[in-house]
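Peer 1: Have a look at this one before I ask anything.
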Amino acid sequence: MKAPRRLAAVAAAAAVILGGAIATAPTASAASYHCKTSSASVDNPSYNGPWADNYNFSVSLCAKRSGGYIYTYAKVSFEGPIMYVNEPSTLDAARFHLETKKSVSGTDPVVKSANFTGIEYKLEHGNFAGNGSYTTGTIKYKAASGYRYLADGYIQLDWNHDGKAYRTTNFAASPTV
């Protein structure tokens, strides 16, 4: 009978010791994104008719630092004209160009970038009112210590029948992280 009591006492002591260690260990918290939202209205240059033809964009550019990396993404919300709903001939192409930049004095250099073309389908297939949203993928970049970073980006639309390649609409960069 002494062995089970001794084992129980050892187990209780271990639980107290481990419980104390767990209680005093710092809790891990996920870093949160720092975002900045800006808006722009973009006109279809190939349409001059009586109906509304603008896309009204609201873009949140977001960045966070976590585990030695910088993560950036963008969320695009839009209000488009009803006449563009399920109309794949509105655009020849569209993309959101996302950049991760190092914050320095002067022009911030781009350290990593990506084009996200899934936005074209969303723009041409908004809901019944022509509205919708699109979230890019996330860019991951190994951060150098002592530097701050930010997300920046722009939408490029290649309108059908306007005779020009991509037209660019810039948005305000995110806060630095």
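Peer 1: Of the numbered conditions (1) in contact (Cβ under 8 Å) with a residue 24 or more places away in the chain; (2) farther than 16 Å from residue 33 by Cβ; (3) more than 12 Å from the chain's Cα centre (by Cα), residue 97 satisfies every one except a single condition; which is it?
Peer 2: (3)
Peer 1: Here's something else I'd like to know. Would you be able to say whether some residue in segment 19-35 is closer than 21 Å to residue 166 by Cα and modelled with pLDDT of 85 or more? I'd like the intermediate steps shown before the answer.
Peer 2: Kept after step one, since they are closer than 21 Å to residue 166 by Cα, are these residues of segment 19-35: none.
Checked segment 19-35: no residue is closer than 21 Å to residue 166 by Cα and modelled with pLDDT of 85 or more.
Peer 1: Just one of (1) within 18 Å of residue 76 (Cα to Cα); (2) open to solvent by 70 Å² or more (accessible area, probe 1.4 Å); (3) polar (S, T, N, Q) trips up residue 113, so point out which.
Peer 2: All conditions are met except number (2).
Peer 1: Can you tell me which residue among 48, 56 is modelled with pLDDT of 50 or more and either assigned to a loop (DSSP other than H, G, I, E, B) or among the charged types (D, E, K, R) (or both)?
Peer 2: Details: 56 fails: either assigned to a loop (DSSP other than H, G, I, E, B) or among the charged types (D, E, K, R) (or both).
Going through 48, 56 in turn, the sole match is 48.
Peer 1: If the requirement is being open to solvent by 30 Å² or more (accessible area, probe 1.4 Å), of a type in the set (Lys, Arg) and over 15 Å from the mean Cα position of the chain (by Cα), which of these qualifies: 75, 102, 36? Explain how you work it out, then say what you get.
Peer 2: Working: 75 fails: over 15 Å from the mean Cα position of the chain (by Cα); 36 fails: over 15 Å from the mean Cα position of the chain (by Cα).
Going through 75, 102, 36 in turn, just one is open to solvent by 30 Å² or more (accessible area, probe 1.4 Å), of a type in the set (Lys, Arg) and over 15 Å from the mean Cα position of the chain (by Cα): 102.
Peer 1: With the requirement that a residue be of a type outside the set (D, E, K, R), open to solvent by 20 Å² or more (accessible area, probe 1.4 Å) and either closer than 21 Å to residue 60 by Cα or not in a loop (DSSP other than H, G, I, E, B) (or both), what does segment 126-155 give you?
Peer 2: Once the filter is applied, which keeps residues that are of a type outside the set (D, E, K, R), open to solvent by 20 Å² or more (accessible area, probe 1.4 Å) and either closer than 21 Å to residue 60 by Cα or not in a loop (DSSP other than H, G, I, E, B) (or both), segment 126-155 yields 127, 131, 132, 133, 134, 135, 137, 138, 141, 154.
Peer 1: Report, by residue number, each residue of segment 154-169 that is closer than 14 Å to residue 39 by Cβ and in contact (Cβ under 8 Å) with a residue 60 or more places away in the chain. Break it down stepwise before answering.
Peer 2: As a first pass, look at segment 154-169 and keep what is closer than 14 Å to residue 39 by Cβ: 154-155, 169.
Result: 155, 169.
Peer 1: Between residues in segment 49-76 that are more than 11 Å from residue 31 (Cα to Cα) and residues that are open to solvent by 40 Å² or more (accessible area, probe 1.4 Å) and aromatic (Phe, Trp, Tyr), which pairs lie under 6 Å by C-beta distance while being six or more apart or on different chains?
Peer 2: Pairs found: 53/47; 62/33; 62/73.
The values are calculated or read from the model by the stated rules, or taken from the named source; none is laboratory data. These figures come from a predicted structure and were not determined experimentally. Virtual Cβ from ideal backbone geometry, glycine too; neighbours counted across all protein chains shown. Heads up: the accessible areas ignore ligands, DNA and RNA and are worked out on the full protein's heavy atoms, side chains in. Shrake-Rupley method; radii C 1.70, N 1.55, O 1.52, S 1.80 Å.
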